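The structure under discussion appears below in the form of structure tokens.
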Amino acid sequence: MSRLKIFLIILTFTSVFAKKDVIFQCDEAMIYDENKNFCTISNFVAESDQTVHIVHNSNKNNVKYMKCYDSKARYIPYKLFENFPNLQSLDISNSYIEDISRNSFHSADNLLYLNMSLNRIKSLGPSAFKGAAKTLKIELAANEISEISPNAFNTLDDMDKLVLSRNLIRELDKSVFVENVNLNHIHLDNNLIEEINPDLFSYCKHLRIVDLSNNRLKKLQPNTFELNFVLEGLFLSGNLLETFNLTNLYSLNKLNLDNNRLTSLVLIAVKNVRANNNEIENITVRNFENFETMNLAHNHISNLTNITKLSNLVSLDLSSNKVGPVIGLSTFSNLRNLRELRLRNTSLSSITFGMFSKQTKLTTFDISFNGLRELNLDMLAPYMTTVKQFFIDGNSLTEIKGRTTFFQAFPYLYSIGLSKNKFNCTYLHHIITTPFLSPNVELYIEPIDSDIEKTHIRDITCEHEDQKDDYDDEILIPKKPMKVKMTKEKELSSQEREMFIAKIQGQQELLSSHLLWMKITLITIAVALICFVVFKSMDYKRRLWRSVPHQNHVGDSSIVFRSTTTVNTTGEA
């Protein structure tokens, strides 16, 4: 019995000792290399009531980078930075840390980068990072932070990036960034913030990027970023904003207002604007020359007056707005620098000659889902020779009119959308093969809404009723169908239909080749006949000229014959 008691006592003391002493050492501790400047910590586990014992490392003065793997640290080991005085980067993310004590960063004189993301930190107290005065970047994303002291980031004068994404923050004191005068990037996205004090960022004179997307903001005061003269990116998507009218945003390069509740929009000078999926009806624009891209899909815009004044626009997306059914001939005449124009689902009923005559630099043109019944490529060919992507999906097209082929209209084309129209299958096959379309062009296919199997060619659905079997290769006008005996369409499988279509196409190509040779033969005979007639005519003239007698006369004088023989004038014989 006494031996059992002694064993239990020893076991108790051993467990207590084991609970209080936790070893913290680098995985590389057993291999000394004075040139190594990194330290990895694997499978480190420390409860909140346990004492961490940092093993002496002969290489500790050289360590600059430290990262923890598969650890449950609960808190930053005490005197960590005293043992590693030159540590510059500490990644202790995903390590179950619950608290940052006031002395956690004591002696972190050389720390530049700190990553404590994916932990369980709930609050940041006053001077939470005291001792890390040189730190430039702090990442605290994906924690459970709901409270931040007004003095939490004091002493961090040099910090230029702070990441607080994916937390539970509801509000921020207006003085929380008072000492962070060099703050460059601030990420507060995916929190619960309902209001921003206009003075919150007023001390951050070098602020360039602010991400407040996916919060609960209902409004922003017009002077919120009034003193941020170098602000380049403002991200406010996924909030509850109903209006947007901020002053002094002349340096803004990117503005994202997607997925809000905006009904009106006032823009001063923004190069790239995104305001998709809102309820915008009115847009007021100033400093027209500064705008380059406007993405305004899924709104209630019907008046394009202010938008079409933006002469330097490179990309414009007006998809799913109330632009149609009629667009004036001069509506887009001022937008001569457009590279991308998207008018998808805008109720555009027709395209008239000259409507897009000024878009000579266009590379992407999308007029899908407009219910167009006619499309004449002759109206686009003279101007849109630079188009590389052309989409006409989801219309009511049965044929492409005009004498121009896709290849002729868009010589640089590499992607085309023809799906969800009403093309006859044979005709569809006709216009997606050479010479109408280059084999190198990619066919874009809109997703099919129904599981019902339909006839298709290269995944483009087509109509099989009233099939037209032959088309003129030059003008795309249906000719009289060839008489072909076939079984009922319902009895043909999809593969048999495609084989039948291919057979018809082969017969058509063979007939075309025969016609071509006949033309060449006739032309050759005609040329030979003309040459023969010309030859005979010239020969007749030559003979006629030779048959006429010719004499040489010199005035009226007769020909005088002279001789060297002396004539005897005395009459001697």
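All of the numbers you see were taken from the coordinates with simple rules; none came from a lab. Note that the structure is predicted; figures quoted are calculated from it, not measured. Note that we place each Cβ from the backbone using ideal geometry, even for glycine, and neighbour counts take in every protein chain shown.
From the cross-link list LYS79/LYS174; LYS309/LYS422; LYS219/LYS271, which pairs have alpha carbons spaced over 31 Å apart? Before the final figure, lay out each step's value.
On the way: LYS79/LYS174 33 Å; LYS309/LYS422 37 Å; LYS219/LYS271 23 Å.
Check vs 31 Å cut-off fails for LYS79/LYS174; LYS309/LYS422.
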Problem - Segment ASN334-VAL181, extension gain: residue separation times 0.36 nm, minus the distance between their alpha carbons - result: 50.8 nm
Practice task
Mind pulling the per residue volume of the convex hull built on the Cα atoms of the stretch 315-362? Å³ is fine.
Solution key: 65 Å³
Practice task
Using only the alpha carbon atoms of the stretch 200-300, find the Kirkwood hydrodynamic radius as the inverse mean reciprocal pair distance, in angstroms to one decimal.
Solution key: 13.4 Å
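Restricting everything to alpha-carbon atoms, can you work out Rg to Rh for the stretch 15-192 with a Kirkwood hydrodynamic radius? Mind dumping the intermediate values first?
On the way: Rg = 16.3 Å, Rh = 16.7 Å.
Here Rg/Rh amounts to 0.98.
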Exercise for the section: Please work out the C-alpha center-to-center distance from the stretch 257-271 to the stretch 417-466 and express it in whole Å. Expected result: 39 Å
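Under the Kirkwood approximation applied to all pairs of distinct alpha-carbon atoms, what is the hydrodynamic radius of the stretch 355-411 in Å? If you can, show how the numbers build up before the last one.
Values: mean 1/r = 0.0863 Å⁻¹.
Evaluated over the stretch 355-411, this radius sits at 11.6 Å.
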Handout entry: GLU242 paired with GLN25, simple spin-label distance in nm, labels 7 Å along Cα-to-beta-carbon
Key = 6.5 nm
Handout entry: Nearest-0.05 FRET efficiency for GLU279 and THR385, computed from C-beta distance (R0 51 Å)
Key = 0.85
Handout entry: Globularity ratio of the stretch 275-334, using Cα Rg and 2.2 N^0.38 Å
Key = 1.06
Exercise for the section: Using all C-alpha to C-alpha distances in the stretch 300-419, build P(r) with 10 Å bins and read off the rounded percent in each one. Expected result: 14, 50, 33, 3
Practice task
Determine the gain in length on full extension of the stretch HIS53-ASN37; use 0.36 nm per residue of separation and subtract their C-alpha separation, reporting nm with one decimal.
Solution key: 3.6 nm
Fill in the blank from the handout: Per the charge dipole of the stretch 200-300 (beta-carbon charges, Lys/Arg positive, Asp/Glu negative, Cα centre), the residue among LEU257, VAL285, LEU236 reaching farthest to the positive end is LEU236
Completion exercise
Two pseudo-spin positions, 7 Å from Cα along C-beta at GLU194 and at ILE452, lie apart in nanometres by 5.0 nm
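Roughly how big is the stretch 373-457's charge dipole about its Cα centre, with Cβ charges of +1 (Lys, Arg) and -1 (Asp, Glu), in debye to the nearest 20? Write out the running numbers ahead of the final one.
Details: 7 positive and 9 negative charges, 61 e Å.
That gives the stretch 373-457 a dipole magnitude of about 300 debye.
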Exercise for the section: Taking every pair of alpha-carbon atoms in the stretch 214-360, give the share separated by more than 27 Å as a whole percent. Expected result: 20 percent
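Could you calculate the contour length gain from PHE407 to TYR250, that is, 0.36 nm times the residue separation minus the distance between their Cα atoms, to one decimal place in nm? Intermediate results must be reported in sequence, preceding the final value.
Working: separation 157, 0.36 × 157 = 56.52 nm, distance 4.35 nm.
Full-extension gain reported as 52.2 nm.
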Fill in the blank from the handout: Residue by residue through the stretch 170-181, the couplings from Karplus 6.51 cos²θ - 1.76 cosθ + 1.60 with θ = phi - 60°, in Hz, x for Gly and Pro, are 9, 8, 9, 5, 5, 9, 5, 10, 4, 8, 9, 5
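How fast does the stretch 89-161 diffuse by Stokes-Einstein, in µm²/s, taking the Kirkwood radius from C-alpha pairs at 4 °C and 1.567 mPa s? Could you put the intermediate results ahead of the total?
On the way: Rh = 12.1 Å.
My calculation gives 107 µm²/s for D.
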Fill in the blank from the handout: ILE523 and TYR65 label points (each 7 Å along its Cα→Cβ direction) are spaced in nm at 7.0 nm
Exercise for the section: In debye, nearest 20, what is the charge dipole magnitude of the stretch 200-300 about its Cα centre with +1 on Lys and Arg Cβ and -1 on Asp and Glu Cβ, if you could check? Expected result: 240 debye
